[in-house]
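What follows is a single structure, written as structure tokens, with notes after it.
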Amino acid sequence: DYYNQNRVLADLVSRSYPTAFYESVSDCPVDLSSAGKDQQGGRYTISLSEDTAQAFIFDHERDTTRQLLLAAVPETYCLSDNGQELVIAAENEVYVYDLLGEAPPRPMAYNFETICGLALHEDKIYATTERGHVIVWDHPFLKRMLHRQNLASGELIPLDNGQAMAVYTDDGCLIRNVDNREEVYPLPFEGIDPDNLAVSADHALAAVSYRPAESGSDWIGLVDLASGTLTQTYDTGYRIAGYTFSEDDSALILTCCDRNRIARLDLETGGIQESPGATVSEPFSIVADRGRILVCDTSGMLTIFNDALEQEGDSRPIGYPAPQKQLAVSQNWECLLTAGRGGNTIG
């Protein structure tokens, strides 16, 4: 009937089906003896019941225990390298649990033989059966979706190995995310502006702006991205609309919304050099490229400066304001790419 049809369809789409099946372990292209079979998690300790369909997850950080009710007495389990996922087998059922609780458990569909071994390798889950067969599934949580509100306000950086790195702030922390794996560094100051952040060209440093309660101007903290250590702080003396690292990473170029100009903050000395005169009305977005500094104001006017902060030519309209993080220079096509407010129009 209609109800049972929908129940069956719901069951189908909720399961992950095998991507490969091998008659024996020797046929499998992965050496399962060396694949990840970690049963020790830094944050979690897993206990399997020997006579009931239960497993227990002890969270050392929260000092709490969760109980999992399974379809049968659990046979074995393993943890992912980052300790965020638990793969557990109970007779012929395999489930993947997101230990951080961001996604519901995902069943791995296979209904024939008892699973007696589990291993993780790259983006796959491998299971061996009591008859020596090997079943392979894609890891369902490998492309974990993140829902942090401030992700879009950070910096997105392509890495040489084909991965992507995002750096952003959230809830008083600096977050370094490489290929959807996060490292969270608490920041020792308040008044952080989540919309303003810059990463150096060598990906070693992040600049975070904040405004102490007693200050009328914005400060900038320089953070080592490898360790999360705060290395230096600067009082800029301005209200900042945006900033970017210079091409040699020796300075930050600031857009000063209270002075309608741009300025260079020397990271070694803390000294500040201003552009001569009020050259930009309400500067907003900024990007540095090959000896030039491109600034777009809130009215959609683009102004180009040289490395000495001197304006080159007249300002020119680009049609609409360019929000922060939506100005980029194409290295191949010798053009500026931008997006209208809201990101609905590419120019």
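The values are calculated or read from the model by the stated rules, or taken from the named source; none is laboratory data. What you are looking at is a predicted structure, and each value in this text was computed from that prediction instead of being measured. Here Cβ is always computed from backbone atoms with ideal geometry, including for glycine, and neighbour counts include all displayed protein chains. Side chains included, ligands, DNA and RNA excluded: accessible areas come from the protein's heavy atoms. Shrake-Rupley method; radii C 1.70, N 1.55, O 1.52, S 1.80 Å.
A166 satisfies every condition listed in (1) open to solvent by 40 Å² or more (accessible area, probe 1.4 Å); (2) touching a Lys or Arg at 6+ places or on another chain (Cβ under 9 Å); (3) part of a strand (DSSP E or B) except (1).
When you look at L86, is it open to solvent by less than 50 Å² (accessible area, probe 1.4 Å), out of contact with any Ser or Thr (no Cβ under 6 Å at 6 or more places or on another chain) and either free of Cβ contacts under 8 Å to residues at least 60 places away in the same chain or more than 17 Å from G36 (Cα to Cα) (or both), yes or no? Working first, answer last.
On the way: open to solvent by less than 50 Å² (accessible area, probe 1.4 Å): yes; out of contact with any Ser or Thr (no Cβ under 6 Å at 6 or more places or on another chain): yes; either free of Cβ contacts under 8 Å to residues at least 60 places away in the same chain or more than 17 Å from G36 (Cα to Cα) (or both): yes.
For L86, the condition - open to solvent by less than 50 Å² (accessible area, probe 1.4 Å), out of contact with any Ser or Thr (no Cβ under 6 Å at 6 or more places or on another chain) and either free of Cβ contacts under 8 Å to residues at least 60 places away in the same chain or more than 17 Å from G36 (Cα to Cα) (or both) - is met.
Among the residues of region 122-139, those identified as closer than 13 Å to V96 by Cβ and assigned to a loop (DSSP other than H, G, I, E, B) are D123, H139.
In the set T255, T269, only one residue is buried (at least 21 other Cβ atoms within 10 Å of the Cβ) and either of a type in the set (V, I, T) or outside any strand (DSSP E or B) (or both); that residue is T255. Just so you know, in region 53-83 the residues that are among the hydrophobic types (A, V, I, L, M, F, W, C), open to solvent by 40 Å² or more (accessible area, probe 1.4 Å) and part of a loop (DSSP other than H, G, I, E, B) include one that is nearest to G132 (Cα to Cα), and it is V73.
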